[in-house]
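Take a look at the structure below.
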Amino acid sequence: MSKRSAIGLRITRDQRLAGDWQLVLVAEGLSPSVLPTQEGIVVAVPEEEVERALAALSAYDKENSSKSNEPHEPIGPAGLLSGVVVAGALLLFFFVTVVWMPTVPWFERGSADADRIIRGEVWRTVTALTLHTDIVHALTNAVGAAVFFGAVFGLLGPGLGFALVLLAGAGGNFANAVLHGSDHLSVGLSTSVFAAVGVLGGLGILRRHRNVPHKRRAWLPIAAAFAILAMLGSGGERVDIWAHLCGLLFGGVSGIAIGLISPDAPKLWVQWACVGTALVLLIYCWILALR
């Protein structure tokens, strides 16, 4: 077996629990992967990390053995399925903008042009999230959306989760434009992907803070979020690290805020209202861009 072969450590149908295991392992400097299967969600690590990973998970189990008897709510496949739907829509729009309708000025009108954003074209903070320059760029962000959006959707519901990562991503793009000033262009969903990572970190902080015996380790989810940023969002010449960081911070604040306002996923009608509002906002921003 090759050195980098992934070894499955644990399996669960509880997406929240799988997310907790992943955060614990990332915080320990490991490289976990979360793999959806028919039997459940498998958390795996490279073969050489198995021993350290088992020790970290064992310590996590001991720390949480005195946790209250309140059970985890099973999430089911809805969150992951919704994340895959968003990823599919992202790839479809890539083919529309780059392959099927390249003569439409999508990038000229919709990119996150810092100078134009600061001068009032705020819709670009939203439209830029849907644009990708090449298939590798689009596929990378589609995978990130399927994994991290899916995790957020599983915790908050697809409607509220989608609205939150869209707004946090737009907020990250706006902050990035202010930081850079003029002469800076960016496109891509990665700001929202890291906003989703931040949301997960913010929600994780609240869960640990409310669990009184473990307040001293409430920092762990946000530390894991920054570790994910370091691993996935800071390498390569074309990577906009400041956009990723801004998205992460906006997502973290959003996750804490929504966790305080609504600890549980809202009802179905609220989910539909949120996703409808988010889609209307996205379409309206593109109407403003292409008018």
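What follows is calculated from the coordinates using simple rules that are stated; it is not laboratory data. Predicted model only: the values in this text are computed from it and were never measured. A quick note on method: Cβ atoms are made from the backbone with ideal geometry, for glycine too, and the neighbour counts reach across all protein chains shown.
Numbers at a glance
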| quantity | calculated |
| --- | --- |
| Fewest-first sequence of 116, 291 by Cβ atoms within 10 Å of each Cβ | 291, 116 |
| Volume per residue that the Cα convex hull of region 6-63 spans, once the total is divided by residue count, Å³ | 67 |
| Fully extended contour minus Cα-Cα distance, from residue 96 to residue 135, at 0.36 nm per residue | 12.8 nm |
| Footprinting exposure proxy for 60, 284 (fewest neighbouring C-beta atoms within 10 Å first) | 284, 60 |
| Cβ-derived FRET efficiency at R0 45 Å, residue 50 paired with residue 270, nearest 0.05 | 0.60 |
| Gain upon complete extension [residue 59, residue 10; 0.36 nm per residue less C-alpha separation] | 16.2 nm |
